[in-house]
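Trainee: Mind looking over this structure? Questions follow.
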Amino acid sequence: MSVLSRRRFLSGAGGAVAAAAVGPYIVRAQAVTQPQKVRMAFVGTGGRGGSHLGLGDREVCVAYCDVDQGRWPKGKTGPRWPNAKGYTDWRKMFDNHEKEIDAVVVATPDHTHAPASMRAIKAGKHCYTEKPLTWSVDEARALAEATARHKVATQMGNQGHANQGNRLVVEWVRAGAIGDVKEIHTWTNRPVWPQGIASRPASEPVPQGLDWDCWIGAAPFRDYHKGLHSFAWRGWFDFGCGAIGDMGCHTWDNVFWAMDPDYPSSVELLEIIGKTKETFASKTHFKWEFPAKGARPAFTAHWYSGGLKPAAPDAYVNDPFRKDKSGKLAGLPGSGSIYIGAKGVMLVSGDYGDSPRLVPESTMKEYQRPDPSIPRSPGHTAEWLMACRGEKPWDYPGSNFARYAGPLTEVMLLGAICERIGEVGFRIECDPVNRIIKTREALALAGRENRKGWTV
């Protein structure tokens, strides 16, 4: 049991993030004002990290880190940024360049998100971290609270949060388009990487140019073997968070936003296929129970992975609009959500809140859409840069760690704990008011003691 978990269990500590105390010792973020460019550092430049490197071209890249030197950014004839220094250990990067950096982008395997992000936040640096925000429940709480104390501009990389579709879902639900929502079913086509692995592959020599000790980072050390770096780590308990971690921040984003649920009263595993000791299963289905909040009644939210899907409601099954080009009735999309309300049904297709529709289609055609009530986004990364420069408040980004991304990740990863325990019918009981895990078996998995030198 981690120190944070034990303290929360015994004392009920960790209330509202926004109420975190601010002391005089806190390092404050320095806003970067135009026309000065933001001085960037990157932790992770391969994989998802590569999608953010354009920031280093538009702004200024001071330094970058990737444990695999073969994935360091390259230009046509040499390094992408000749004046930037490359590292395989992000701790050394911070040691050498902390005073030169304004903002940091963290895009590494899940188990490295919190240590690197916390180092940036405590140094008063603005921080953009890929999803899921953290590997563990405890880390999500800790990053949220640290962000509120230091008041740095932060954004989690669930890019769909800036999209029009997610805003429409939230506006329609809040406008009562389908009445009080009773239950929501969300499913994903992930995993698209190996899970349900029966035994660990044999150890192999570490490939040249790969700093394996830094890749392991905060996690328990294990020898290098195939099926970890650079993509398939997502299914292993020690390094990833499975399908709910990879896609929950996307596919379930509009649910958390629209319903504003805070903490659940319980999380229960309903189905699991392909359970193993070290990896997430190949298919799972669990549910959260959320209590009433203000005028919103209690509701249930389901999550399905690995191709499992809910039964389609009658309003969808019997809708002629479902016919595809060949005239056949189409099934549910590969990923999406169904909201079931007292007065109707809404389908959200895809992982990013795309194309919400009331069903049947005749209801959609008759629906008088409410006027927009949520400001439209200039872009997910643009939100963060505006806050970095002081053009907007530190908590302006829609998926900032303190107000949104931390709480979302924390609740989402309660489901990952259910999957790790892997017993059908296992139920995590929570105190939704004080945001406390009450079930000891689950609390033991809310965090872990990191390897020496890699603490959060």
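Trainee: For the stretch 129-142, state whether one or more residues are at pLDDT 95 or above, in a loop (DSSP other than H, G, I, E, B), closer than 22 Å to residue 36 by Cα and out of contact with any Pro (no Cβ under 7 Å at 6 or more places or on another chain).
Mentor: no
Trainee: Then there is this: Go through (1) charged (D, E, K, R); (2) surrounded by fewer than 19 Cβ atoms within 10 Å (Cβ to Cβ); (3) under 30 Å from residue 373 (Cβ atoms) for residue 253 and report which single condition fails.
Mentor: Every condition holds for residue 253 apart from (2).
Trainee: Would you mind stating whether residue 446 is more than 29 Å from residue 345 (Cβ to Cβ), of a type in the set (Gly, Ala, Ser) and either part of a helix (DSSP H, G or I) or modelled with pLDDT under 95 (or both)?
Mentor: For residue 446, the condition - more than 29 Å from residue 345 (Cβ to Cβ), of a type in the set (Gly, Ala, Ser) and either part of a helix (DSSP H, G or I) or modelled with pLDDT under 95 (or both) - is not met.
Trainee: Have a look at 185, 225 and point out the one that is under 30 Å from residue 361 (Cα atoms) and of a type outside the set (Ser, Thr, Tyr).
Mentor: 185
Trainee: Name the single residue, out of those in the stretch 217-233 being in a loop (DSSP other than H, G, I, E, B) and aliphatic (A, V, I, L, M), that is farthest from residue 134 (Cα to Cα).
Mentor: Result: 228.
Trainee: Can you pull out every residue in the stretch 290-314 that is within 21 Å of the chain's Cα centre (by Cα), part of a strand (DSSP E or B) and buried (at least 18 other Cβ atoms within 10 Å of the Cβ)?
Mentor: Those that are within 21 Å of the chain's Cα centre (by Cα), part of a strand (DSSP E or B) and buried (at least 18 other Cβ atoms within 10 Å of the Cβ): 290, 301, 302, 303, 304, 305.
Trainee: From the residues in the stretch 94-110 that are under 22 Å from residue 135 (Cα atoms) and aliphatic (A, V, I, L, M), which one is surrounded by the most Cβ atoms within 10 Å (Cβ to Cβ)?
Mentor: Across the stretch 94-110, the extreme among qualifying residues is 105.
Trainee: Pairs under 9 Å by beta carbon, first residue in the same structural domain as residue 189 (by TED's automatic domain parsing) and at positive phi in the stretch 349-372, partner outside any strand (DSSP E or B) and of a type in the set (Lys, Arg), six or more apart or different chains?
Mentor: Sorted first by the residue in the stretch 349-372, then by its partner, the pairs are 353/167.
Trainee: Assess whether residue 175 counts as being within 29 Å of residue 292 (Cβ to Cβ), more than 24 Å from the chain's Cα centre (by Cα), in the same structural domain as residue 356 (by TED's automatic domain parsing) and at pLDDT 95 or above.
Mentor: Yes; evaluated as a whole, the condition is true for this residue.
Trainee: Going through 364, 346 one at a time, which residue ends up being outside any strand (DSSP E or B) and either closer than 16 Å to residue 169 by Cα or modelled with pLDDT of 95 or more (or both)?
Mentor: None of the others qualify; the one that does is 364.
Trainee: Quick one: is residue 198 assigned to a loop (DSSP other than H, G, I, E, B), over 19 Å from the mean Cα position of the chain (by Cα) and buried (at least 22 other Cβ atoms within 10 Å of the Cβ)?
Mentor: For residue 198, the condition - assigned to a loop (DSSP other than H, G, I, E, B), over 19 Å from the mean Cα position of the chain (by Cα) and buried (at least 22 other Cβ atoms within 10 Å of the Cβ) - is not met.
Trainee: Of the residues that sit in the stretch 56-83 and are closer than 22 Å to residue 115 by Cβ and hydrophobic (A, V, I, L, M, F, W, C), which one is surrounded by the fewest Cβ atoms within 10 Å (Cβ to Cβ)?
Mentor: 72
Trainee: Further, regarding this structure: Provide a single number: the residues in the stretch 112-146 that are in contact with a Cys (Cβ under 7 Å, 6 or more places away or on another chain) and closer than 16 Å to residue 233 by Cβ.
Mentor: 3
Trainee: Now a separate question. List every residue pair whose Cβ atoms lie under 7 Å apart, where the two residues are 6 or more positions apart in sequence or sit on different chains, the first residue falls within the stretch 91-115 and is assigned by TED's automatic domain parsing to the domain that holds residue 157, and the second residue, located anywhere, is polar (S, T, N, Q) and crowded, with 22+ Cβ neighbours inside 10 Å.
Mentor: Listed pairs, sorted by first residue: 106/117; 106/129; 113/129; 113/134; 114/134.
Trainee: To continue, here is another question. Scan the stretch 122-140 for residues that are over 21 Å from residue 66 (Cβ atoms) and either free of Cβ contacts under 8 Å to residues at least 60 places away in the same chain or crowded, with 24+ Cβ neighbours inside 10 Å (or both) and report the count.
Mentor: Residues that pass the stated criteria total 5.
Trainee: If you go through the stretch 151-182, how many residues are in contact with a Lys or Arg (Cβ under 7 Å, 6 or more places away or on another chain) and closer than 20 Å to residue 342 by Cβ?
Mentor: Number of matching residues: 2.
Trainee: Related question: Which residues, counting only those in the stretch 390-419, are charged (D, E, K, R) and buried (at least 21 other Cβ atoms within 10 Å of the Cβ)?
Mentor: Listed by number, the residues that qualify are 410, 419.
Trainee: Something else: Keeping to the stretch 170-189, report how many residues are surrounded by 24 or more Cβ atoms within 10 Å (Cβ to Cβ) and in a helix (DSSP H, G or I).
Mentor: The total comes to 1.
Trainee: Sticking with this structure for a sec: Can you find a residue in the stretch 46-60 that is in contact (Cβ under 8 Å) with a residue 60 or more places away in the chain, of a type in the set (Lys, Arg) and within 17 Å of residue 129 (Cβ to Cβ)?
Mentor: Yes, the stretch 46-60 contains a residue that is in contact (Cβ under 8 Å) with a residue 60 or more places away in the chain, of a type in the set (Lys, Arg) and within 17 Å of residue 129 (Cβ to Cβ).
The values are calculated or read from the model by the stated rules, or taken from the named source; none is laboratory data. Quantities reported herein were computed from a predicted structural model and do not represent experimental measurements. Every residue, glycine among them, receives a Cβ derived from its backbone with ideal geometry; neighbour counts consider all protein chains shown.
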